[in-house]
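Notes to accompany the following structure.
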Amino acid sequence: MSDFFSLLFEEFPRVRSGLWVTLQATVLGALLAGVLAFALGLMAGSRLLLARGVSRVVVEFFRGTSLYIQLFWLYYAMPLLTGYELTPVICGVVAFGLNFGAYGAEVVRGAINSVPRGQYEAAIALNLSPSRRLWKVILPQAWVQMIPSFTNLLIQLLKATPLLWLISAADLMTVIQQLRDRTGETLTAYLTLLAAYFVLAYALTMLMNLLERSAKRRLGLDIGARSLFKSRSVSTTAVGGTR
């Protein structure tokens, strides 16, 4: 154990770099997933049949295929077709964004559909344009309902980042694995990884709880400070193509 932690401190710049890659993949993947989730979720409620059809095909394709295969396809197969090779981190960001964006689209669609019909009718009675009805009345209420599910998806995305090791990205998993190979201390290495990912996941959970609290306050729904430390139950919907 002492050998592993001695090497960990000696190689701290590499560990810090690996942590940064993990955070980059998580944040950028989440941002891409969020953009796709709202785009596809709003398209699913469009009056245009083509928009609804495109949304459904994209969502079902990326939910119905494995995240592993999507990641490998982007890194190994796409360069053979296009002649353009993405870096491992960019491959991870794109794969995470597409996969989790598809799941997020269903969250957006469900939350918008759950807004009471009376809210739509009140917005129409106020003579608001369709775009203003969406952004001023519907989305603020739907957003509060989206955050808990988005929190679960964000944590799932973080826990998927060790897959970057499979395409030789220098993330936290890769660095710790290399330290484990050099010291032979498997138990200590993987306990360290467990602790690191738990801390990251809980920090993200508290940030999302803070975001939820802010969103509820805007709707006049004040909640106590204790809510910042509540945990989220993991969604039963698995990533990577299993459903």
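Annotations
- Dipole magnitude (debye, nearest 20) for the chain, charges at Cβ of Lys, Arg, Asp, Glu: 1240
- Here the spin labels are modelled as points 7 Å beyond Cα on the Cα-Cβ line, and at GLU121 and THR65 they lie 4.4 nm apart.
- In the chain, the inverse of the mean reciprocal separation of distinct Cα atoms equals 19.9 Å; this is its Kirkwood hydrodynamic radius.
- Of GLY101, LEU74, THR183, farthest towards positive along the dipole that unit charges on Lys, Arg, Asp, Glu beta carbons give the chain: GLY101
- Just the protein heavy atoms count here, and of the accessible area of the range 53-145 at 1.4 Å, carbon and sulfur take up 66 percent.
- Modelled FRET efficiency - R0 41 Å, TYR84 with ASP181, Cβ distances, 0.05 increments: 0.80
- Axial C-alpha extent at least 20 Å, average Kyte-Doolittle at least -1.0 - helices from the chain (DSSP): 12-44, 49-64, 88-114, 139-160, 186-218
The values are calculated or read from the model by the stated rules, or taken from the named source; none is laboratory data. What you see is a predicted model, and the numbers here were worked out from it, not measured in a lab. Positions of Cβ are backbone-derived with ideal geometry, glycine not excepted, and every protein chain shown enters the neighbour counts. Keep in mind that these areas ignore ligands, DNA and RNA; they rest on the heavy atoms of the full protein, side chains included. Shrake-Rupley method; radii C 1.70, N 1.55, O 1.52, S 1.80 Å.
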